[in-house]
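The block underneath contains the structure these notes are about, expressed in structure tokens.
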Amino acid sequence: SQFSQDDVNSDTIRWMCSAYSIYTYYNDKEPGIVGGIKEEDQDMSQPAIRIALSQGWGIDGRKDVEPVLTDLLESGHRAEYRKVVDKMNKEGLLELSEDEAMANIPQDEDYYQYQAAYEAYEKYGEKGLNGWDYSRALQVLGDCYQAEYINLEECLELSLPIAQALQADYGSWEGVAESYLYGYQFWTKEDKDSAVTETNNRWEVYQELAAMKNGPYSVPYDTVLEDTWS
């Protein structure tokens, strides 16, 4: 594309960046910038981004972007979440209080995954982990733009319908962020209340971002998300 973010910046673009701002801020990047890296720092940061995409997602070039994106949007961790929720529902655990339900869960490596599923379902039902998968899809597109596997226009065009779906699933930034955090705990199977876990650290990052006067969540949640760059 023949433009940079500075040329076309808008609330729509800032909204999309805000959706994955926990990831951005946690990794010492810049919220509000597509992929979290300023244009003048792109060349210096690009090798590390490409390594992260390769090791974390199996993305080594343009051809790998679409399959990863399709998997996130069509299944992601939502598929496993539905299985766990169905199992808990059949066992009657979702009718109990959280303390009662968790007392019936074996204290094994899946314990905190069940905790995340219970809390996500209690607050957001079937959409409990949509924010996790959709936010990561936006994050991956931002990283692929920074890696120069796709250009900025492609990144924005692919991001827009994902952001619109994400916005429709929740009523506030709190919903998006909590779904992301429940998803992270579901994936890592960590105790979110333990200060030594990455899950706990990300909850603290969210609280810090939410408290910022002009932080990423200051972008109005009900922003009309539309193509502002064509």
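The values are calculated or read from the model by the stated rules, or taken from the named source; none is laboratory data. Predicted, not measured: the structure shown is a model, and the values here were computed from it. Glycine gets a Cβ as well: all are built from the backbone with ideal geometry, and neighbour counts include every protein chain shown. Ligands, DNA and RNA are excluded from the accessible area calculation, which covers all protein heavy atoms including side chains. Shrake-Rupley method; radii C 1.70, N 1.55, O 1.52, S 1.80 Å.
Things to note:
- Segments classed as helices (runs of 4 or more DSSP H), wholly inside segment 10-59, with at least 3 members that are polar (S, T, N, Q): 42-57
- Among the residues of segment 60-78, those identified as assigned to a helix (DSSP H, G or I) and surrounded by fewer than 13 Cβ atoms within 10 Å (Cβ to Cβ) are LYS63, GLU66, PRO67, THR70, GLU74.
- Residues in segment 174-203 that are open to solvent by less than 30 Å² (accessible area, probe 1.4 Å) and among the aromatic types (Phe, Trp, Tyr): TYR180, TYR182, TYR184, PHE186.
Conditions (1) touching an Asp or Glu at 6+ places or on another chain (Cβ under 9 Å); (2) closer than 30 Å to ASP43 by Cβ; (3) hydroxyl-bearing (Ser, Thr, Tyr), marked per residue:
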residue: GLU154; (1), (2), (3): no, yes, no
residue: ALA163; (1), (2), (3): no, yes, no
residue: VAL176; (1), (2), (3): yes, no, no
residue: THR197; (1), (2), (3): yes, no, yes
residue: GLN207; (1), (2), (3): no, no, no
residue: ASN214; (1), (2), (3): no, yes, no
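- TYR184 vs. criteria under 17 Å from TYR121 (Cα atoms) and modelled with pLDDT of 95 or more: yes
- Filter result for ALA52 (open to solvent by 50 Å² or more (accessible area, probe 1.4 Å) and either under 17 Å from the mean Cα position of the chain (by Cα) or in contact (Cβ under 8 Å) with a residue 24 or more places away in the chain (or both)): yes
- Matching residues in segment 79-109 - criterion: being in contact (Cβ under 8 Å) with a residue 40 or more places away in the chain, open to solvent by 20 Å² or more (accessible area, probe 1.4 Å) and assigned to a helix (DSSP H, G or I): GLU80, ARG82
- Evaluation of ALA147 against the conditions (1) of a type in the set (Gly, Ala, Ser); (2) surrounded by fewer than 18 Cβ atoms within 10 Å (Cβ to Cβ); (3) more than 14 Å from the chain's Cα centre (by Cα) shows that the sole unmet condition is (2).
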